[in-house]
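Worksheet: one structure, shown below.
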Amino acid sequence: MAEWYALHVRANHERVTATYLQGRGVEHFLPLYRTKSRRRDRPGGLLERPLFSGYLFVRVDLRSPERIAVLQSPGAVKLVGFGSGPPSMIPDEIVRSLRILVQDGTSVRPHPYLETGRRARIVDGPFTDAVGFLDRRGRQKRLVVTLDLLGRSVSVPVTDEGVELIF
């Protein structure tokens, strides 16, 4: 049965690998976010960058020949697992939440890895049904979606009325 896994890729090869996988019919997901260019020769320009640099997500059955196509993709390093163990599956809920968060690409941004906090679900607005942890640092509240496997998190702004705590 096909499950989601994180595919570690060489630096700056996320798009090349995603294009290759698309051509092979392998279901994949490369979450991107928009940020302003810091280069002076591109004033006001927006860049699309990978939300998790060095990684993309693939849906594959580890027992199928499709796994070989994934591992032989240009730039592919390995399917990520804990320690030296087998590749670790990423829950569908995490991938679904990430897809919801990156739909518009302007509000989502990388966030420091967050281990503790209250689980919450967005109940109103463009990110409805995204699940993560509520972060109340600073003035603005944010919903943080954490990938323990990668040690990375992303966040979007939320309001008190737009989220419900999950117990």
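Bear in mind these aren't lab numbers, they're just calculated from the coordinates by the rules spelled out. Here the structure is a predicted model, which means the values were calculated and not measured.
Structure summary
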{"item": "Choice from ARG136, ARG59, ARG67 with maximal GNM fluctuation in the chain (Cα, 10 Å cutoff)", "result": "ARG136"}
{"item": "Cα shape, the stretch 92-165, gyration tensor, a/c 1.5 rule", "result": "rounded"}
{"item": "For the chain: rounded, prolate or oblate by the Cα gyration tensor [a/c cutoff 1.5]", "result": "oblate"}
